[in-house]
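Trainee: Below: one structure in structure tokens.
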Amino acid sequence: MDLDAVRTFVAIADAGRFQDAAMELSITQQAVSKRIAALERTVGVRLFARTPRGAELTVDGRAFLPPARDLLRAEA
């Protein structure tokens, strides 16, 4: 699994917006979107629902968040 994509997922979950996560990670919003699309293909579920105010975790996204944090802690 691509840990950059997992890191991006956690950043969006924490920030609530793709743009804020992009700024935090010093990448473009387009790169954030591509990473999340690839991660969603890998795990086979939608992780975020895009809203006018930002991004909200789906039920599957909420379920994936704790293991994603565990992966990043293990990497560190």
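Trainee: Here is a list: ALA74, ALA21, ALA38. Which entry is of a type in the set (A, V, I, L, M, F, W, C), in a helix (DSSP H, G or I) and buried (at least 19 other Cβ atoms within 10 Å of the Cβ)?
Mentor: Details: ALA74 fails: buried (at least 19 other Cβ atoms within 10 Å of the Cβ); ALA38 fails: buried (at least 19 other Cβ atoms within 10 Å of the Cβ).
Step by step, each of ALA74, ALA21, ALA38 is checked, and only ALA21 is of a type in the set (A, V, I, L, M, F, W, C), in a helix (DSSP H, G or I) and buried (at least 19 other Cβ atoms within 10 Å of the Cβ).
Trainee: Same structure, new question: Can you run down the residue pairs with Cβ atoms below 8 Å, 6 or more apart or on separate chains, where the first is in region 60-76 and under 11 Å from PHE9 (Cβ atoms) and the partner is of a type in the set (Lys, Arg) and not in a helix (DSSP H, G or I)?
Mentor: Note: pairs meeting the criteria are GLY61/ARG46.
Trainee: Look at region 1-18 and say how many of its residues are assigned to a helix (DSSP H, G or I) and loosely packed, with under 15 Cβ neighbours inside 10 Å. First the steps, then the outcome.
Mentor: Start the filter on region 1-18 by keeping residues that are assigned to a helix (DSSP H, G or I), which leaves 3-15, 18.
If we keep only those that are loosely packed, with under 15 Cβ neighbours inside 10 Å too, we end up with 3-4, 14.
Within region 1-18, residues that are assigned to a helix (DSSP H, G or I) and loosely packed, with under 15 Cβ neighbours inside 10 Å number 3.
Trainee: For ARG7, state whether it is among the basic types (Lys, Arg) and in contact (Cβ under 8 Å) with a residue 40 or more places away in the chain. Spell out how you get there, then give the answer.
Mentor: Values: among the basic types (Lys, Arg): yes; in contact (Cβ under 8 Å) with a residue 40 or more places away in the chain: yes.
Yes, satisfied.
Trainee: Can you find a residue that is under 15 Å from ALA5 (Cα atoms), of a type outside the set (S, T, N, Q), free of Cβ contacts under 8 Å to residues at least 24 places away in the same chain and not in a helix (DSSP H, G or I) anywhere in region 47-55? Walk me through how you get there before you give the answer.
Mentor: Taking region 47-55 as the starting set, the residues that turn out to be under 15 Å from ALA5 (Cα atoms) are 47-48.
When the remaining residues are screened for being of a type outside the set (S, T, N, Q), the result is 47-48.
Restricting the remaining residues to those that are free of Cβ contacts under 8 Å to residues at least 24 places away in the same chain gives none.
The answer is no, given that none of the residues of region 47-55 is under 15 Å from ALA5 (Cα atoms), of a type outside the set (S, T, N, Q), free of Cβ contacts under 8 Å to residues at least 24 places away in the same chain and not in a helix (DSSP H, G or I).
Trainee: Follow-up. Which members of region 41-71 meet the condition of being at pLDDT 95 or above, open to solvent by less than 50 Å² (accessible area, probe 1.4 Å) and hydroxyl-bearing (Ser, Thr, Tyr)?
Mentor: Listed by number, the list holds a single entry, THR58.
The values are calculated or read from the model by the stated rules, or taken from the named source; none is laboratory data. These numbers come from a predicted model, not from an experiment. Here Cβ is always computed from backbone atoms with ideal geometry, including for glycine, and neighbour counts include all displayed protein chains. Surface accessibility is based on the protein's heavy atoms, side chains included, excluding ligands, DNA and RNA. Shrake-Rupley method; radii C 1.70, N 1.55, O 1.52, S 1.80 Å.
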